[in-house]
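To keep things clear, I will list the structure first and then write my remarks on it.
The values are calculated or read from the model by the stated rules, or taken from the named source; none is laboratory data. For clarity, every value in this text was computed on a predicted model and none was experimentally measured. Virtual Cβ from ideal backbone geometry, glycine too; neighbours counted across all protein chains shown.
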Amino acid sequence: MSSWTKPSQAQLVTGRPTLRVLVAGGGVAGLEALLALRKLASERVELTLLTPDEDFVYRPLEVIAPFDASAVVRIPWSEIATDLGVRWIQDALASVDTDTRVVRTASGRLASYEVLMVAAGASPHVAVPGALTIGMPGASEELTALLGRMTAGTEARIAFVAPLGVAWTLPIYELALLTATHARSAGAGAKLAVITAESEPLEVLGPGAGPLVRNLLDEHEIRIHTGSVADRYEHGYLRLGLEGAVLVAGSVVALPRLEGPHIPGLRSTGEGFLPIDGDGRVQGVDGVYAAGDVTSFPVKQGGLATQVADAAAAHIALQAGVKVAREAFDPVLRALMLTGGASRFLRRGLVTEPYRTEVADEPLWWPPAKIAGRHLSPYLAERAARVHNSKD
């Protein structure tokens, strides 16, 4: 077991039984929760992971996949389970009985818990009918084909859409910039545009983000339409519902609308998300926590998912008899923006100092990962080093 997983002996309080923690759902939030609990509570927690996926996928880098398929990071959950001493059940969460503290899986199995951490994520849905929707099955292959048509000169106009109701819009700007860079290197003359419902680009990152993004788009000759709500794409026209206008486009690439899993047995919002408090506890029920896109927090972003997971892990560790500081969720957005050239780093507190946006060409956190997870980033860096050293 690597050094980062071991708490100091002074942290442990003797004489308390092991706490059985079930983490339901993988992804960034699930892995951060496992790492944090191992670090904080060590043998004081018995960890079980329930996820239907064979691999952990580092999804922020999927935006690069059509340009460089080797950039996507995948790690088998079986290897992670071995690293962390976690029992892994390959199955999906179907329902929760909070009275008996038992979950039912998609295959009909039952698993008991003392503490449940729900990290089941959210499902992408089409927000702009007719558009190629990022995150939907086959979207990466469709985008690769689109880039091929653009390079061949048969795709002249491409629009990138950030729909109404999507708070985390960074991927659409990255896709537009990466596509422009790809077009320039291939000598393709495609005309690109970004259409966003935001009043300013990357609005959630505060006033300092807009000028940066506008300058980058201008450098790449990408037009931007702010305050524009894309309604539908059909017959080569992108319709802007609130404006009654249309834009000519050969193809349209859009971010998805996310919907929560509507987990039976847990009270959720109308969109299927779980409301939580500052400790990551699902409101109205004992022993259940949630982190990541499954929560009702409006900004769905990997770094925020790790922060909720850390807050929940600290609260769970206290229950396991470990002397740790309680850590309430205080959301801070950290964004590494891929531009096709030099990356940009942005940081903004959503509650603390919300009017301050930090923008830099150099890393604002370390390691300078796409997702700034306290435990996730070092773990992935360590694994990458191990893999590299094994090849030498």
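Report every pair of residues separated by at least 6 positions or lying on different chains whose Cβ atoms are under 8 Å apart, first residue within region 73-89 and more than 12 Å from LEU34 (Cα to Cα), second of a type outside the set (A, V, I, L, M) and assigned to a helix (DSSP H, G or I).
ILE75/ARG383
Among the residues of region 362-370, is any within 16 Å of PRO60 (Cβ to Cβ), of a type in the set (D, E, K, R) and part of a loop (DSSP other than H, G, I, E, B)?
yes
Given the criteria over 19 Å from GLY284 (Cα atoms) and in the same structural domain as ALA29 (by TED's automatic domain parsing), does SER140 qualify? Can you show your working first?
Values: over 19 Å from GLY284 (Cα atoms): yes; in the same structural domain as ALA29 (by TED's automatic domain parsing): no.
Spelling it out, it is not the case that SER140 is over 19 Å from GLY284 (Cα atoms) and in the same structural domain as ALA29 (by TED's automatic domain parsing).
Got a sec? Which of GLU46, GLU32 is at pLDDT 95 or above, charged (D, E, K, R) and in a strand (DSSP E or B)?
Going through GLU46, GLU32 in turn, just one is at pLDDT 95 or above, charged (D, E, K, R) and in a strand (DSSP E or B): GLU46.
Across region 277-311, what is the total count of residues that are without any contact (Cβ under 8 Å) to a residue 40 or more places away in the chain and part of a strand (DSSP E or B)?
Residues in region 277-311 being without any contact (Cβ under 8 Å) to a residue 40 or more places away in the chain and part of a strand (DSSP E or B): 2 in total.
Do you know which of the residues in region 194-213 that are part of a strand (DSSP E or B) and among the hydrophobic types (A, V, I, L, M, F, W, C) is farthest from ASP361 (Cα to Cα)?
Ranking the qualifying residues of region 194-213, first place goes to ILE195.
In region 194-229, which residue that is β-branched (Val, Ile, Thr) and under 20 Å from LEU350 (Cα atoms) is surrounded by the most Cβ atoms within 10 Å (Cβ to Cβ)?
The residue in question is VAL213.
Against the condition of a type outside the set (A, V, I, L, M, F, W, C) and more than 18 Å from the chain's Cα centre (by Cα), how does THR306 come out, does it pass?
Against the criterion (of a type outside the set (A, V, I, L, M, F, W, C) and more than 18 Å from the chain's Cα centre (by Cα)), THR306 does not qualify.
Of all residues in region 352-378 being without any contact (Cβ under 8 Å) to a residue 24 or more places away in the chain and of a type in the set (S, T, N, Q), which is farthest from GLY30 (Cα to Cα)?
Filtering first and then ranking leaves THR352.
Condition first: of a type in the set (Lys, Arg) and part of a loop (DSSP other than H, G, I, E, B). Now tell me which residues in region 53-107 satisfy that.
ARG101
Being at pLDDT 95 or above, within 13 Å of LEU192 (Cβ to Cβ) and surrounded by fewer than 23 Cβ atoms within 10 Å (Cβ to Cβ) is the filter here, so list the residues in region 148-173 that pass it.
Once the filter is applied, which keeps residues that are at pLDDT 95 or above, within 13 Å of LEU192 (Cβ to Cβ) and surrounded by fewer than 23 Cβ atoms within 10 Å (Cβ to Cβ), region 148-173 yields only ARG157.
If I ask for residues that are surrounded by fewer than 15 Cβ atoms within 10 Å (Cβ to Cβ) and in a loop (DSSP other than H, G, I, E, B), which ones from region 371-392 would you list?
ASP392
How many residues, within region 177-193, are under 17 Å from VAL248 (Cβ atoms) and either in a helix (DSSP H, G or I) or not aliphatic (A, V, I, L, M) (or both)?
Matching residues across region 177-193 total 2.
Got at least one residue in region 126-133 being in a helix (DSSP H, G or I) and either not assigned by TED's automatic domain parsing to the domain that holds GLY272 or not acidic (Asp, Glu) (or both)? Give the steps one after another, and end with the answer.
As a first pass, look at region 126-133 and keep what is in a helix (DSSP H, G or I): none.
No.
Would you confirm whether any residue within region 73-86 is within 30 Å of THR339 (Cα to Cα) and either of a type in the set (Phe, Trp, Tyr) or surrounded by 17 or more Cβ atoms within 10 Å (Cβ to Cβ) (or both)? Outline the logic, then answer.
Pass one, region 73-86, residues within 30 Å of THR339 (Cα to Cα): 73-76.
Retained after the next criterion (residues that are either of a type in the set (Phe, Trp, Tyr) or surrounded by 17 or more Cβ atoms within 10 Å (Cβ to Cβ) (or both)): 73, 75.
Within region 73-86 (the criterion being within 30 Å of THR339 (Cα to Cα) and either of a type in the set (Phe, Trp, Tyr) or surrounded by 17 or more Cβ atoms within 10 Å (Cβ to Cβ) (or both)), the answer is yes, since at least one residue qualifies.
Return the residue satisfying two criteria in turn: it lies in region 343-356 and is part of a loop (DSSP other than H, G, I, E, B) and at pLDDT 95 or above, and of such residues it is farthest from ALA311 (Cα to Cα).
It comes out as SER343.
How many of the residues in region 148-181 are closer than 21 Å to LYS370 by Cβ and touching a residue at least 40 places away in the same chain (Cβ under 8 Å)?
Total satisfying the criteria: 17.
If ALA325 satisfies all but one of (1) of a type in the set (A, V, I, L, M, F, W, C); (2) surrounded by 14 or more Cβ atoms within 10 Å (Cβ to Cβ); (3) in the same structural domain as GLU114 (by TED's automatic domain parsing), what's the number of the condition it fails?
(2) is the only condition that ALA325 fails.
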